[in-house]
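Following: one structure in structure tokens, then a few remarks.
The values are calculated or read from the model by the stated rules, or taken from the named source; none is laboratory data. Computed from a predicted model, the values in this text were never measured in an experiment. All Cβ positions, even for glycine, are placed from backbone atoms using ideal geometry, and neighbour counts span all protein chains on display. Accessible surface is based on the protein model in full, side chains and every heavy atom, while ligands, DNA and RNA are left aside. Shrake-Rupley method; radii C 1.70, N 1.55, O 1.52, S 1.80 Å.
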Amino acid sequence: MEVLVLDGGTGHLLKAKGIEQLVPGLAYDQLFLAGTLANIHQPELVKEVHREYVVAGADVLTTNSFACTSYSLSKIGKACQAAELISSAARLAREVADQAGRQVQVAGTLPPLQESYQTHGLPSPDDMQQQYRQIAAALLPHVDLLLCETLATVAEGLAAATVASESGKPWWISWTLEDNLSARLRSGEALEDIEKLGSKRGVISQSIKDVLQSLVDDDLVRQEKIGISNYFWSFPSDTAVKLETDIGKLQQRLEERQAERQRLDTQLEESKVGKEDSGERQELVRQLKQLEERVAQQKAELAKYSDNDPERYEAMREAIHVAKDSSNRWLDNIYTLETWLKRKFEGMKEEVDNLFKESGVNDKLEYLEVES
């Protein structure tokens, strides 16, 4: 399974860099709204954050547009600039990705349309799809994929996935779960409801099971069968243990490769013994080069007489015989066909003769003879 590293919270890094100056007086938990305006008023700061994630190893940059919804921007009177802010966010991420010096993708975010984790009082499914289409339209010219993220309800996910699947681009989707071991969405809906959603958007159920199984096989999540259901989970400590195990394996492989390189270096040095560069060796190299040049000249001279090459002559002679036999065989077929037509259509000899003459068949056609 290919592992892609996503970036972290762009808005959080922007808050740490003093972005609140763009909208003085905001409460701390609303500073992310100032980060949305940075897409227009401080674009270099946004690109700086994206570059930091690239340097840290991120394979996917997420557009700085998580809070660029009409609902959130209306809190600072900027709802009318939503499309402009989203488009600018996508363009900035694209510029950084294209200058990364390696393959880095840009994911356009389709976020919660109101508050994060909100499960009640959401717009109707049609309204949600309409809003997601407006967001996607501003993102699509610049992104490689769409990321439906931090969703809290199945309905919200269905609306985002519907628009994402219409885009023609790859898309990912993620939900946020309750802060307990119930393995349910914030809305209280079961994970089985998400699996049912997959088939509605062209994701067959088996592919979801394949992904889950691959995560289990790679020790990234745990699996437990309780009753008739399978439950999957992962704790931060599990990830740490997995990383430590992987680091240990990689360290062992590195040491093995270093030992192999040391062995090859030793063999190389041993192979040089007795082959030191000397006057005699240089003279032999010079003579070898002269002989190679003479061989090349003789091959070029020989190529001039290739038409008289016995093997080539024999091949041409054989080809002539094959052509002769084919020609005579076709002539046999023509005469056989002519005889059959005259017998089949008695009294129409003249018409048959005219037919063959019009086709180029006349008395001048003769069997070929070639000397052996």
- Message: Any residue at all in region 98-105 that's within 27 Å of Glu195 (Cα to Cα) and surrounded by fewer than 21 Cβ atoms within 10 Å (Cβ to Cβ)?
- Response: yes
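The rows are residues; the columns are (1) on the phi > 0 side of the Ramachandran plot; (2) out of contact with any Leu (no Cβ under 8 Å at 6 or more places or on another chain); (3) surrounded by 10 or more Cβ atoms within 10 Å (Cβ to Cβ); (4) modelled with pLDDT of 80 or more.
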{"position": "Val221", "(1), (2), (3), (4)": "no, no, yes, no"}
{"position": "Ile226", "(1), (2), (3), (4)": "no, yes, no, no"}
{"position": "Glu255", "(1), (2), (3), (4)": "no, yes, yes, yes"}
{"position": "Arg263", "(1), (2), (3), (4)": "no, yes, yes, yes"}
{"position": "Glu276", "(1), (2), (3), (4)": "no, yes, no, no"}
- May I ask you to list pairs of residues, at least six apart or on different chains, whose Cβ atoms are under 6 Å apart, with the first in region 52-70 being more than 20 Å from Val3 (Cα to Cα) and touching a residue at least 24 places away in the same chain (Cβ under 8 Å) and the second being of a type in the set (Phe, Trp, Tyr) and open to solvent by 20 Å² or more (accessible area, probe 1.4 Å)? Ala67/Phe32
- Task: For residues that are outside any loop (DSSP other than H, G, I, E, B) and on the phi > 0 side of the Ramachandran plot, tally how many sit in region 98-128.
- Result: 0
- Message: Against the condition acidic (Asp, Glu), in contact (Cβ under 8 Å) with a residue 24 or more places away in the chain, open to solvent by 40 Å² or more (accessible area, probe 1.4 Å) and over 19 Å from Gln42 (Cβ atoms), how does Asp126 come out, does it pass?
- Response: no
- Query: Of all residues in region 51-79 being charged (D, E, K, R) and assigned to a helix (DSSP H, G or I), which is nearest to Leu140 (Cα to Cα)?
  - Reply: Arg51
- Query: Only one residue in Leu85, Leu110, Leu33 is of a type outside the set (Gly, Ala, Ser), at pLDDT below 90 and closer than 24 Å to Leu151 by Cα. Which one?
  - Reply: Leu33
- Qualifying positions in region 261-320 - farther than 30 Å from Glu369 by Cα, in a helix (DSSP H, G or I) and among the aliphatic types (A, V, I, L, M): Leu264, Leu268, Leu284, Val285, Leu288, Leu291, Val295, Ala296, Ala300, Leu302, Ala303
- Task: Scan region 313-332 and give yes if some residue there is open to solvent by less than 70 Å² (accessible area, probe 1.4 Å), among the acidic types (Asp, Glu) and over 26 Å from Asn362 (Cβ atoms), otherwise no.
- Result: no
- Note on the structure: If we ask which residues in region 13-29 are open to solvent by 30 Å² or more (accessible area, probe 1.4 Å) and outside any helix (DSSP H, G or I), their number turns out to be 5
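To keep it simple, each residue is scored yes or no on (1) open to solvent by 50 Å² or more (accessible area, probe 1.4 Å); (2) touching a helix residue (DSSP H, G or I) at 6+ places or on another chain (Cβ under 9 Å).
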{"residue": "Asp7", "(1), (2)": "no, yes"}
{"residue": "Gly11", "(1), (2)": "no, yes"}
{"residue": "Leu31", "(1), (2)": "no, yes"}
{"residue": "Thr36", "(1), (2)": "no, yes"}
{"residue": "Ala56", "(1), (2)": "yes, no"}
{"residue": "Asp59", "(1), (2)": "no, no"}
{"residue": "Thr69", "(1), (2)": "no, yes"}
{"residue": "Lys75", "(1), (2)": "yes, yes"}
{"residue": "Ser87", "(1), (2)": "no, yes"}
- Note on the structure: Given (1) within 30 Å of Gly25 (Cα to Cα); (2) under 30 Å from the mean Cα position of the chain (by Cα); (3) free of Cβ contacts under 8 Å to residues at least 60 places away in the same chain, Pro141 misses just (1)
